[in-house]
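Since the structure comes first, as structure tokens, the remarks are kept for the end.
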Amino acid sequence: MTDPAAAAYAAASFDRDERTGLEPVLGGALQTKAVWVDEAACIGCRYCAHVATNTFVIEPDLGRSRAVRQDGDTSDCIQEAIETCPVDCIHWVAFNDLPGLKLQLDAQELLPMGVPSPSRPRRLLPRNVQHG
């Protein structure tokens, strides 16, 4: 399976040190801003992926949203998806900040959604239910 983030960070693989937003990955249109999902804050509600279907996907292993195409939907559609986020984890950022944000994300250890936190013990025994 391929990494769903590959398209979002394809611009980072260019040999040039400076990107202008005119790269082919953006369809040749001037882009000064990009959309970024703070996956550590994402709760996996899927609202953004339902609104901007060509921009956001739910990452299959972690269950969190990820922006996979910067040119997938119109800016208005992406903005609507941002506004539907209940935890405000989707942001407009400078296009040139994407590689650094990707490095920060890679340095974090994220658990898949639905996995109990190691700091909170799981209930091992069922509750004692008494019937009268």
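The values are calculated or read from the model by the stated rules, or taken from the named source; none is laboratory data. Nothing here was measured: the structure is a model prediction, and the numbers come from that model. Every residue, glycine among them, receives a Cβ derived from its backbone with ideal geometry; neighbour counts consider all protein chains shown.
Listed here are the residues, each with its yes/no results for (1) part of a loop (DSSP other than H, G, I, E, B); (2) at pLDDT 90 or above.
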| position | (1), (2) |
| --- | --- |
| THR53 | yes, yes |
| PRO60 | yes, no |
| ASP88 | yes, yes |
| VAL93 | no, yes |
| PRO116 | yes, no |
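Considering only residues of segment 57-79 that are farther than 21 Å from LEU103 by Cβ and within 12 Å of the chain's Cα centre (by Cα), which is surrounded by the fewest Cβ atoms within 10 Å (Cβ to Cβ)?
PRO60
Which ones in segment 34-50 are outside any loop (DSSP other than H, G, I, E, B) and under 22 Å from ALA94 (Cα atoms)?
ALA34, VAL35, TRP36, VAL37, CYS48, ALA49
Looking at GLY21, GLY100, GLY132, which one is surrounded by 12 or more Cβ atoms within 10 Å (Cβ to Cβ), modelled with pLDDT under 85 and not β-branched (Val, Ile, Thr)?
Going through GLY21, GLY100, GLY132 in turn, just one is surrounded by 12 or more Cβ atoms within 10 Å (Cβ to Cβ), modelled with pLDDT under 85 and not β-branched (Val, Ile, Thr): GLY21.
Restricting the first residue to segment 87-107 and requiring it to be charged (D, E, K, R), which pairs with a second residue that is assigned to a helix (DSSP H, G or I) meet a Cβ separation below 7 Å and a spacing of at least six or different chains?
That search, which allows pairs on different chains as well, returns LYS102/ALA12.
When segment 70-85 is examined, which residues are found to be part of a loop (DSSP other than H, G, I, E, B) and either in contact with a helix residue (DSSP H, G or I) (Cβ under 7 Å, 6 or more places away or on another chain) or modelled with pLDDT under 90 (or both)?
Selection gives GLN70, ASP71, GLY72, CYS85.
Looking at ASP97, ASP88, which is the one that is among the charged types (D, E, K, R) and more than 14 Å from the chain's Cα centre (by Cα)?
Only one candidate passes the filter, namely ASP97.
Just the residues that are in a helix (DSSP H, G or I) and farther than 15 Å from THR32 by Cα, please, taken from segment 95-113.
GLY100, LEU101, LYS102, LEU103, GLN104, LEU105, ASP106, ALA107
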